[in-house]
Amino acid sequence: MAYPIMAKATAVWLVDNTTLSFKQIADFCGLHELEVQGIADGEVAAGIKGFDPIANSQLDQEEIDRGEKDVAYKLKLKHNPAAAGEEKRRGPRYTPLSKRQDRPAAILWLVKFHPELTDAQISKLVGTTKPTIQTIRERTHWNINNIQPIDPVALGLCKQVELDEAVRKAAAKKSKEGALMSDEERRRLVSTEQSLGMESEPKIPSSISGLETFTLGGSDDDEEEKKPRHVDADTLFNLPESSDDDEDDDEDENGR
């Protein structure tokens, strides 16, 4: 269904200048009914100037009159020849300037808890570029030591529904390709609420990387040497026999 341009500003104008129901305005502008109610209460769209849909050839007065008489009537958007063939542009999601500094933290969270997501999916969710995602994956980002993983939903960079849908598609694609998921990857396929309560994984210092299989225990030969040996009286008191020459040498030394 096509919606009017500047939908929220149009909703502001309809709330202020008509007696249409919240549901009628919400359906026409593509908003939620509670959001329209918030506009009427002054809690939403504060400071937004109303956009007249009649003056901008998006709605006829006859449609408004018909909707005011019948609460169940759905307003119809006036056909605009100039908008024919126009489609929503595809590309990275626009991120406000105030939230762009939070994107590395969101990327690190997605890479850590949802490694099955592709760079294209992360780029679409967070509104970033693939080179930035690659630097986070390879831990070559200039500020990687100070970045803490934060849920992009909590940061307001994407919606929970969008994240769940991306994870579902990635998992379905991986299973379709026949790739088996490891226990670690399966454990990471959890909801956002569960992942926030997880403890961070222990990391091996880079100075001792490669020594994961090193143990301080000795070999089997050392264990055999450490086993107690059987000692009997003969072996305990079996002193070396002294020769006659040694006895003569001892007597000469004592005689001097």
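The values are calculated or read from the model by the stated rules, or taken from the named source; none is laboratory data. The model shown is predicted, which means the values in this text are computed figures rather than measured ones. All Cβ positions, even for glycine, are placed from backbone atoms using ideal geometry, and neighbour counts span all protein chains on display. Note: areas computed on protein heavy atoms with side chains; ligands, DNA, RNA excluded. Shrake-Rupley method; radii C 1.70, N 1.55, O 1.52, S 1.80 Å.
Being of a type in the set (A, V, I, L, M) and in contact with a Gly (Cβ under 9 Å, 6 or more places away or on another chain) is the filter here, so list the residues in the stretch 127-158 that pass it. Even if it seems obvious, please write down each step before you answer.
Going residue by residue through the stretch 127-158, those that are of a type in the set (A, V, I, L, M) are 133, 136, 144, 147, 150, 153-155, 157.
Correct list: 157 only.
Considering the conditions (1) in contact with a helix residue (DSSP H, G or I) (Cβ under 6 Å, 6 or more places away or on another chain); (2) at pLDDT 90 or above; (3) open to solvent by 80 Å² or more (accessible area, probe 1.4 Å), residue 33 is excluded by exactly one of them, (2).
Look at residue 118 and say whether it is at pLDDT 90 or above, touching a His at 6+ places or on another chain (Cβ under 7 Å), surrounded by 13 or more Cβ atoms within 10 Å (Cβ to Cβ) and not aliphatic (A, V, I, L, M). Please lay out each step first, then the result.
On the way: at pLDDT 90 or above: yes; touching a His at 6+ places or on another chain (Cβ under 7 Å): no; surrounded by 13 or more Cβ atoms within 10 Å (Cβ to Cβ): yes; not aliphatic (A, V, I, L, M): yes.
No.
Applying the criterion of being part of a helix (DSSP H, G or I) and open to solvent by 30 Å² or more (accessible area, probe 1.4 Å) to the residues of the stretch 1-14, the residue that is nearest to residue 51 (Cα to Cα) is 13.
Looking only at the stretch 16-28, how many residues end up being surrounded by fewer than 19 Cβ atoms within 10 Å (Cβ to Cβ) and of a type outside the set (Lys, Arg)?
Residues of the stretch 16-28 that are surrounded by fewer than 19 Cβ atoms within 10 Å (Cβ to Cβ), as a first pass: 16-19, 21, 23, 27.
Cutting the leftovers down to of a type outside the set (Lys, Arg) gives us 16-19, 21, 27.
Summing the residues that are surrounded by fewer than 19 Cβ atoms within 10 Å (Cβ to Cβ) and of a type outside the set (Lys, Arg) in the stretch 16-28 gives 6.
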